[in-house]
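Rule-based calculations on the coordinates, nothing more; no lab input. Predicted model only: the values in this text are computed from it and were never measured. Positions of Cβ are generated from backbone atoms using ideal geometry, with glycine treated the same way; all protein chains shown enter the neighbour counts.
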Amino acid sequence: MGSSKDKARTDELWSAVSSDILHLTLLPTEACNFRCVYCYESFKLGKMPDKVIAGVKNHLKRRIAELKTLQISWFGGEPLLALDVIENIGGYVQTLLTSTPLVAYHSDITTNAYFLVPDIFDRLCKLGVRKFQISFDGVKTDHDRRRIQANGGPTFDRIWGNLVEMQHSPVNFSALVRLHLDSENVENIPRFIEQFRGQFGGDARFRLFIRPISKLGGPNDTTLPVLGPSEAVSASNRFATDCDNVGIPSKTLSQGADVPICYASKLNAWVIRSDGRINKCTVAFDSATNDVGHLSPDGSFALNPDRLKPWIRGLDSKDAGELGCPLVQFPAFNEFVAKDVAKAT
């Protein structure tokens, strides 16, 4: 008889190929109001045009009757720069769900939270967005040197204030706060944890994701103060223990066999760029290997099997590394970038 871990992995593999599950990561815009020092995105593409919006809605209309689970993830750029696109598609999803009440719907957003003021937060919640991923780079002095506005301005106070406002909401949401570590801010991380505990301690909706920064192909990769591999793991575990000691829910990067199956390895998960291109990965946007197809206005996917096959090869091999980060062994992708991408999963 197999172990419980074996059964869990088998179940995870089945869910990665099931046709009654659909996970779409949508980029309503690829523009951004921030210029974080470690960012790998080029911001070349703007807001999703009407024909792509129509394609997304028509794809959902095609698929909804056969689904048991639908997940919509909002990504960017900064997705809140195109709130109208989110509300257009998100409102359409709510309409579809009224006729298919048995579909389990989940929606999340990765946002820098600069525009996540109470009114916008409430509007997102009404659309079913209940999971928020928001990043800090430590205490204010460290954060405001790394996560800066496009005009060079600071961002810490605005983001922190918006999270405090979220705390006043009675809605059952979750806020995963990514706490970025590097060799220059690591000494001040305990101060941030204490500040976080003072404000959000006791509110289980807020938790920390302790995450060392990586070189992911951005223009500043050569100068980023990344931690070495062993130091990154050690620091992450140390701060996770600190969080546990003061009652703050936290998590760190999964290691080894515990790494979950990446969405990019799944046969039912797709990234829809703002121009309608279909990708598998939200990191390798500038890599041709990531363009596996295109969304048509009628909602159909025009896929390139030769481009797609390497991304889902782990479903055949069952190799934990290929399932955890299929980008790692792509020969066309920069080797050191791919290895750092693997650490990010």
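Only residues that are part of a strand (DSSP E or B), surrounded by 19 or more Cβ atoms within 10 Å (Cβ to Cβ) and not aliphatic (A, V, I, L, M) were counted in region 12-33, giving 2. Once region 52-83 is narrowed to residues that are surrounded by fewer than 20 Cβ atoms within 10 Å (Cβ to Cβ) and not in a helix (DSSP H, G or I), the residue that is farthest from the chain's Cα centre (by Cα) is K68.
Scanning region 191-242 for residues that are crowded, with 19+ Cβ neighbours inside 10 Å, among the hydroxyl-bearing types (S, T, Y) and in a helix (DSSP H, G or I) returns a single hit, S236. For region 89-101, the tally of residues that are in contact with a helix residue (DSSP H, G or I) (Cβ under 6 Å, 6 or more places away or on another chain) and either in a helix (DSSP H, G or I) or at positive phi (or both) stands at 3.
Per-residue answers, yes or no, for (1) within 20 Å of the chain's Cα centre (by Cα); (2) crowded, with 19+ Cβ neighbours inside 10 Å; (3) not β-branched (V, I, T):
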position: I86; (1), (2), (3): yes, yes, no
position: I89; (1), (2), (3): yes, yes, no
position: T95; (1), (2), (3): no, no, no
position: T98; (1), (2), (3): no, no, no
position: T111; (1), (2), (3): yes, yes, no
position: D119; (1), (2), (3): no, no, yes
position: G128; (1), (2), (3): yes, no, yes
position: D137; (1), (2), (3): yes, yes, yes
position: G152; (1), (2), (3): no, no, yes
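Of everything in region 146-175, what is assigned to a helix (DSSP H, G or I), in contact (Cβ under 8 Å) with a residue 40 or more places away in the chain and over 23 Å from I86 (Cβ atoms)? Give them in sequence order. Passing the criteria: only R146.
Applying the criterion of being in a strand (DSSP E or B) and in contact with a Gly (Cβ under 9 Å, 6 or more places away or on another chain) to the residues of region 243-278, the residue that is surrounded by the most Cβ atoms within 10 Å (Cβ to Cβ) is I272.
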